[in-house]
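Working notes, beginning with the structure itself.
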Amino acid sequence: MNKKELKDVQVNGKKVLVRVDFNVPMKDGQVTNDNRITAALPTIKYLLEHQAKVILFSHLGKVKTVADLEKCDMAPVAKVLEQKLGRPVKFVDAFEGKELEAAINEMQEQDVILFQNTRFADILDKDGQVSVDDNGNATAKHESKNDTALGKYWASLGDIFVNDAFGTAHRAHASNVGIASNIKESCLGFLVEKEVKMLSQGVDNSVKPFVAIIGGAKVSDKIGVIEHLLTKADKILIGGGMAYTFFAAQGHNIGNSLLEADKIDIAKEFLAKANGKIILPIDALEAPEFADVPAKVTNGVEIDEGYMGLDIGPKTIELFKKELAGAKTVAWNGPMGVFEFSNYSIGTKAVCESIAELKDAFTLIGGGDSAAAAIQLGYKDKFTHISTGGGASLEYIEGKPLPGIEAVQNK
């Protein structure tokens, strides 16, 4: 990749703007999972070791109404970051204006500032006035619509811009593309650098045999992914709710299972051009309702009348294990069943275990629910790489350019 990286840039004594991904889960004003904060530490520590003035900013949650301003306040994140860094982090309760500018002007080398949620700019105007429609929904959208003036303003606060937020790299926002387009020097942080390297190794430069596993509820979410993987992978194993649209395309009874009727033709098209690359489940766990009730194992792929398929069955688990055997590269995105129901988490767990047991293989999870499942099951260290980006990982796997990375300077 030809983008400037952190080690290509002289940061000593400079004001360095760092777009991090601190979009962490919160409950009652407390951070409940700090993985994303931990993931940003290598970049922050490198900047501190090299005498930079570090100005951090991120979005947190969706800021669509006035009530979200309190829920999505970054102050608790600053406290967690302070503990992890073992040094003071000055939190500035503003995303623009005199208070923020004064705090930056007073910075010494190795000082750290975290300023307020960038998405507050979606609901607040420059003078701090709330900007909403008659239904109370945000109308300003300065951050998420990449407002030119806001991008230029943020760029004016620093000397160098570092994009270390892979989770938003597929979005063209003022806090990534807007700043990168208006600052003298920009580069990728260590986290983004690693993500791009790992995803590229897992998909574009994979060692064969390459097996992809695609799950999740909807075919519509993964059309681009399947399309791209058909040109890259040797096998594509399909599970999750999306499998039932493929079964419907083959003329099978799917009972009350999830179906995207308008995607049946696309499923038929994929099956026709896959030349046997697509491997579908051969049995399922079914239930009479969408609930965590005891499962019934189907006899083959047909779902009984009045039932819905909620997970892959035991024969499919064995089939997928066999298809994974000997793989040198595995990319997995999306659970095999309704993972949040314990009765229907069996397929996801089994696939997770099968991948984790592979010897000498490059194993990649493309973010989202499958990443959460692997971490929850204690397999975090058994995979070569678990991506921090949900939508960004998917779009990379689709072969799409990511605006947040494209905007950064070339070497």
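Side notes on the structure shown:
- When the chain is reduced to its Cα atoms, the Kirkwood hydrodynamic radius in Å: 22.7 Å
- Along region 200-205 the Karplus relation, 6.51 cos²θ - 1.76 cosθ + 1.60 evaluated at θ = phi - 60°, assigns HN-Hα couplings of 5, 5, x, 10, 7, 10 Hz to successive residues, with x for each Gly and Pro.
- Put in line by how crowded their Cβ is, counting other Cβ atoms within 10 Å and starting with the fewest, D304, D28, D21, D73 read D28, D304, D73, D21.
- Cross-link check: pairs K62/K126; K45/K380; K14/K71; K141/K232 evaluated at a Cα-Cα cut-off of 29 Å; pairs beyond the cut-off: K14/K71; K141/K232.
- Kirkwood Rh, Cα atoms: Rg over Rh of region 102-192: 1.00
- Here the Debye sum runs over all C-alpha atoms of region 206-397 as equal scatterers in vacuum, and log10 of I(q)/I(0) at q = 0.11, 0.13, 0.14 Å⁻¹ comes out as -0.43, -0.61, -0.71.
- For the peptides 264-277, 35-48, 102-115, residues were scored by their other Cβ atoms within 10 Å and the scores averaged per peptide; the highest-first order is 35-48, 102-115, 264-277.
- Given +1 at the Cβ of Lys and Arg, -1 at the Cβ of Asp and Glu and no other charges, the dipole of the chain around its Cα centre is 1320 debye to the nearest 20.
- Modelled spin-label separation between I223 and T139, with each label point placed 7 Å from Cα along the Cα-to-Cβ direction: 3.3 nm.
- For region 1-105, the equivalent ellipsoid built from the Cα gyration tensor has semi-axes of 25, 17, 14 Å, listed from largest to smallest.
- Positive-end ranking of Y344, V162, G61 along the dipole of the chain, with charges on Cβ about the Cα centre, is headed by V162.
- In degrees, nearest ten, helix 264-273 long axis to first principal axis of the chain (Cα): 80 degrees
- When only Cα pairs below 8 angstrom with a gap of at least 6 residues are kept, the chain shows a relative contact order of 16 percent.
- Test item: Cα-centred dipole of region 170-272, Lys/Arg +1 and Asp/Glu -1 on Cβ, debye: 200 debye
- Ordering of 198-211, 325-338, 82-95 by burial proxy (mean other Cβ atoms within 10 Å per residue, highest first): 325-338, 198-211, 82-95
- The charge dipole of region 206-397, taken about the Cα centre with unit charges on the Cβ atoms of Lys, Arg (+1) and Asp, Glu (-1), comes to about 820 debye, rounded to the nearest 20.
- For the chain, the residue among N117, S257, N137 whose Cα projects farthest onto the positive side of the dipole built from Cβ charges is N117.
- Per-residue [θ]222 nm for the chain (sum of -39500 (n - 2.57) over DSSP H runs n ≥ 4, rounded to 500): -8500 deg cm²/dmol
- Packing-based exposure ordering (other Cβ within 10 Å, fewest first) of F166, F320: F320, F166
- Full-stretch length increase - E406, N33 - with 0.36 nm per residue and alpha-carbon distance subtracted: 131.3 nm
- Extension gain, V132-A102: 0.36 nm per intervening residue step, less the Cα-Cα distance, totals 7.9 nm.
- Residue-span extension gain [D125 to K152] - 0.36 nm each, minus C-alpha spacing: 8.2 nm
- Percent of alpha-carbon pairs separated by more than 14 Å within region 52-130: 61 percent
Here, each number is a calculation from the coordinates, and none is a lab measurement. Every value quoted in this text rests on a predicted model; they were computed, and no experiment measured them. As a convention, Cβ positions derive from the backbone with ideal geometry for all residues, glycine included, and neighbour counts pool all protein chains shown.
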